[in-house]
1. Just name the residue that is nearest to Asp140 (Cα to Cα) out of those in region 228-241 that are open to solvent by less than 60 Å² (accessible area, probe 1.4 Å) and in contact (Cβ under 8 Å) with a residue 24 or more places away in the chain.
2. Mind checking which helices (runs of 4 or more DSSP H) fall wholly inside region 122-227 and carry at least 1 residues that are among the acidic types (Asp, Glu), without any contact (Cβ under 8 Å) to a residue 40 or more places away in the chain and open to solvent by 30 Å² or more (accessible area, probe 1.4 Å)?
3. Looking at (1) among the hydroxyl-bearing types (Ser, Thr, Tyr); (2) at pLDDT below 95; (3) over 26 Å from Arg226 (Cβ atoms), which one does Ser202 not meet, given that it meets all the others?
4. Name the residue, out of Leu297, Leu262, Leu274, that is out of contact with any Gly (no Cβ under 8 Å at 6 or more places or on another chain) and under 21 Å from Gly231 (Cβ atoms).
5. How about region 83-104: which of its residues are buried (at least 18 other Cβ atoms within 10 Å of the Cβ) and not in a loop (DSSP other than H, G, I, E, B)?
6. Among the residues of region 310-330, count how many are assigned to a helix (DSSP H, G or I) and open to solvent by 40 Å² or more (accessible area, probe 1.4 Å).
7. Charged (D, E, K, R), at pLDDT 95 or above and closer than 23 Å to Ser216 by Cα: does that describe Arg106?
8. Do any residues in region 298-309 that are open to solvent by less than 50 Å² (accessible area, probe 1.4 Å) have Cβ atoms under 6 Å from those of residues that are in a helix (DSSP H, G or I) and of a type outside the set (A, V, I, L, M), where the two are at least six apart or on different chains, and which pairs are they?
Amino acid sequence: MIPADFTSTVAQLTTSQATTRLLLTDPLAVQTQVGLPIREHSRRRPGFPAGRPEAGVPESGPSGGHAKSHDSCGRLRDPWPVTMGPDLLSLNIICPPPEEGGVEVRPVVNGRDLLADVFPGGVGGSRYLGVGPRYLLDRDGPLHATAVPHAVRLAWSGCGVEECCGALYMTVRRDGEHVVWAGWRDLANQDFDLPEFRFTASQYEAEVLRAEEDRSWEWPAGAVARLLEAGLRGREDWLVRWECELEAIWASRKQPDRIHVLLRYPPDRADTDLPWIQFGMTLPISVDEPSDQAEHLEARLTAGDPRATAEVWGGSHDAELLGYPWPPVDPLFT
């Protein structure tokens with residue numbers, strides 16, 4: 001029941017007094033005798049202007065606090081944990097069984113999985129999947145911050161086509177003694193909104209280096225693919241000679257005994273109307289030391305024209321004009 005002197009009592013409340021539980025039976029009394037006095041009292045509390053958040057839930061702290069909350073696509077699910085100091089970064093590498101998904105890097109900010117707490121844009125409603133560690137955490141990888149801001153893709157969603165199902169990008173930069181993540185965007189959601197994160201540079205770089213050195217997730221074929229790609233990218237003279245460019249070298253945990261090499265011929269035609277072809281090769285992998293295998297395969301590939309032994313795996317709609325067998329071979333069945 002509401003006592004007769006309740007209104008005057010509310011105005012005298014302080015934060016140190018105990019909370020009183022009430023049984024409210026009249027909706028009008030709730031509005032006039034409880035709601036209005038409490039609202040007016042809160043506006044008069046020192047240090048909190050009318051319409052501003054209460055203590056402990058600031059819109060943004062002076063050095064990294066966040067409390068935004070959104071429930072639409074591309075928004076935070078819940079308020080971000082408030083921090084009184086710089087934000088803290090951890091990079092978790094998730095390695096599920098091969099049949100359950102790929103290896104992901106999951107950024108954890110202030111103890112919270114960033115990708116798990118954000119709805120992706122795009123269609124389908126699927127969750128964000130972290131980018132693989134081979135590309136995000138390779139030596140001199142994109143997470144390293146410099147004074148010149150650069151874009152980093154942290155995650156993808158759905159079918160993998162960014163304009164359709166979305167991909168999460170941010171801009172990383174060095175700002176004095178801090179590293180800043182800002183400029184969040186998703187091509188499938190033009191109204192994307194995430195807070196800025198500011199990390200102490202020493203803690204941030206130490207965590208990135210630690211994650212880069214962690215190779216516990218890597219299987220032998222994956223190591224061979226990584227080492228072979230690094231070696232071939234240092235041999236651009238070989239590719240120039242045969243008018244090719246290296247697109248990618250990859251391995252699948254579902255096929256631990258092989259790797260795939262993909263070349264483009266001629267180079268620099270991806271954004272033109274000129275015909276081009278993708279040449280592919282599937283190379284067997286043994287139980288030998290990955291570094292030895294990578295060295296052997298590099299010598300073998302650079303000994304001659306790769307187009308002579310490779311298969312046509314794809315290309316532009318008019319790729320047959322280049323004089324190679326068409327239609328292309330499906331690498332999944334080779």
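The values are calculated or read from the model by the stated rules, or taken from the named source; none is laboratory data. Note that the structure is a prediction, hence the values are computed from the model and not measured. No Cβ is skipped: glycine too gets one built from the backbone with ideal geometry, and neighbour counts run over all protein chains shown. Surface accessibility is based on the protein's heavy atoms, side chains included, excluding ligands, DNA and RNA. Shrake-Rupley method; radii C 1.70, N 1.55, O 1.52, S 1.80 Å.
1. Here the residue is Gly231.
2. Passing ranges, in order: 162-165, 201-213.
3. (2)
4. Leu297
5. Correct list: Asp87, Leu89, Leu91, Ile93, Glu104.
6. Within region 310-330, residues that are assigned to a helix (DSSP H, G or I) and open to solvent by 40 Å² or more (accessible area, probe 1.4 Å) number 3.
7. Yes, satisfied.
8. Glu298/Gly231; Thr302/Trp238
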